[in-house]
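As structure tokens, the structure follows; a few thoughts come after it.
Quick note: the coordinates plus some simple rules give every number you see, no bench work behind them. Since the structure is predicted, the reported quantities are computational estimates derived from the model, not experimental observations. Glycine gets a Cβ as well: all are built from the backbone with ideal geometry, and neighbour counts include every protein chain shown.
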Amino acid sequence: MSHTRHTIALFGGTFDPVHFGHLRMALELRQALGFDEMRLLPSHRPRHRESPGVSAEHRRQMLALALAGCDELALDDRELRRGGDTYTVDTLEELRRELGCDVSISFCMGLDSLLTLPAWHRWQRLLELAHLVVVARPGWQLPRRDAGGAEAAVAELLERCAGKAKQLHSEPCGRLVVREQTLLPISATDIRQLIASGQSPRFLLPTAVLQYIEDNQLYRQAAAAAGECK
Ligand code: ATP
């Protein structure tokens with residue numbers, strides 16, 4: 001028989017820097033899906049994309065400032081503390097060892113990230129450790145089996161593991177739930193480019209984060225600092 005269990009959701013990213021798009025998304029997911037906890041999980045050095053432009057410590061500080069006084073969202077900096085290349089599967093294994101097998105863990109990602117999933121380290125293991133909550137923009141296209149390659153593998157996964165929101169509460173892992181949600185049109189890339197070109201990114205991210213960026217003179221040179229992940 002199913003029962004209600006503690007539900008923890010993780011929202012991963014590089015947060016280089018964190019902005020209102022991330023924060024609204026995380027909060028709306030928590031509210032809509034009724035998670036007990038929603039943790040922002042900055043990655044140290046993701047393998048499936050470019051290295052962050054500023055150090056782990058700067059990204060941690062910016063997230064801490066963004067979340068100050070916000071009870072609904074928390075920071076989980078384990079991937080920054082672990083250092084090195086970041087593999088989500090290692091993080092989920094670690095969380096399972098820490099929290100046991102009864103807690104429900106949901107790893108949240110955008111549909112764009114889901115399409116890259118077959119390139120992730122030990123990706124087939126992810127659903128044995130957690131649910132996947134995929135956020136898709138309204139009008140999103142379902143990945144097609146006949147597309148071949150990674151898209152076909154994702155289409156197969158969507159069919160095999162498709163779940164409903166209530167299963168995120170009744171089961172500890174194994175479901176893939178797609179949630180339609182409008183995204184604020186903000187990207188960290190745009191913010192970095194604005195700063196590098198001497199323009200202001202004000203109103204796209206929390207004031208305290210912008211102040212930190214200015215105090216530390218971050219992102220002034222677009223590409224020069226890339227790869228400086230400490
Ligand atoms: P970049 O432009 O450097 O790729 P980003 O703004 O897309 O950065 P990431 O740190 O790569 O941010 O993304 C973290 C997570 O936030 C991902 O799951 C991504 O899908 C999601 N995300 C990014 N932008 C938005 C947005 N505007 N609204 C909601 N979610 C977003």
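A few comments on the model shown:
- Computed E for Arg202/Gln181 - FRET, C-beta separation, R0 25 angstrom, nearest 0.05: 0.50
- Against the main long axis of the alpha-carbon atoms of the chain, helix 88-99 sits at an angle near 70°.
- Kirkwood hydrodynamic radius over Cα pairs of the chain, then Stokes diffusion coefficient at 20 °C and 1.002 mPa s, in µm²/s: 117
- The mean sequence distance of close C-alpha pairs (under 8 Å, at least 6 residues apart), as a share of the length of the chain, puts its relative contact order at 28 percent.
- C-alpha long axis of helix 56-67 to longest principal axis of the chain, angle in °: 80
- Ellipticity estimate at 222 nm from DSSP helix runs (n ≥ 4, -39,500 (n - 2.57)) divided over the chain, nearest 500: -11000 deg cm²/dmol
- The share of alpha-carbon pairs in segment 36-89 lying farther apart than 14 Å comes to 53%.
- If you wrap segment 55-119 in the convex hull of its Cα atoms and look at it from every side, the mean projected area works out to 6.0 nm².
- Across q = 0.23 Å⁻¹, segment 119-186 modelled as identical point scatterers on its alpha-carbon atoms has Debye log10 I(q)/I(0) values of -1.11, in the order of the q list.
- Segment 137-193-segment 53-92 distance, computed between alpha-carbon centres (Å): 23
- The 3J(HN,Hα) values that the Karplus relation (6.51, -1.76, 1.60; θ = phi - 60°) gives for segment 136-143 are, in residue order, 10, 5, x, x, 5, 9, 5, x Hz. Gly and Pro appear as x.
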